[in-house]
Amino acid sequence: MTIKNAALLALTGMVLLTVLMSADFIITVSGVLHGIIPAMTLLMSLIHLFASIAVTVFFWVFHRTPGVISRTVCRCPVIHSATQWRYSRGREHMRLALLILTLGSLPPQSKNSSPKSSAIMSPPAQS
């Protein structure tokens, strides 16, 4: 799934939610005018509607221009240098990753034992 497709999916969900929030706001306004619903509920409904519209607008703008965000992220010098390092040092990178994975799978060492003895020793027998 691309960023543009994910933004479209999020936008579709937010449009549906905004429609529901708009209908709820209209029902709340009608209830307040008839005196059935307290006026404080109108404020809550208005806040929910505003938040829903704000997020919908955000997803709409994000759906229209996802390339701007990806180009901005790609210009970051840290990400760019890491990408160049990864492509230029392919085999060394894989060796380093395997070494890290191997070291991560070793059992933890106690502070009192040497590295060789902790890897060779078996756990004490239960009596």
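Two decimals is fine: what is log10 I(q)/I(0) at q = 0.15, 0.26, 0.28 Å⁻¹ for segment 3-74, from a Debye sum with one equal scatterer on every Cα and no solvent?
-0.58, -1.03, -1.11
By how many nm would the segment from residue 46 to residue 22 grow when fully extended, if each residue of separation counts as 0.36 nm and the alpha-carbon distance is taken off? It would help to have the intermediate numbers written out before the result.
On the way: separation 24, 0.36 × 24 = 8.64 nm, distance 0.90 nm.
Extra length from residue 46 to residue 22 when fully extended: 7.7 nm.
No lab work stands behind these numbers, since they all come straight from the coordinates. Owing to the predicted nature of the structure, the values given are computational and were not obtained by experimental measurement.
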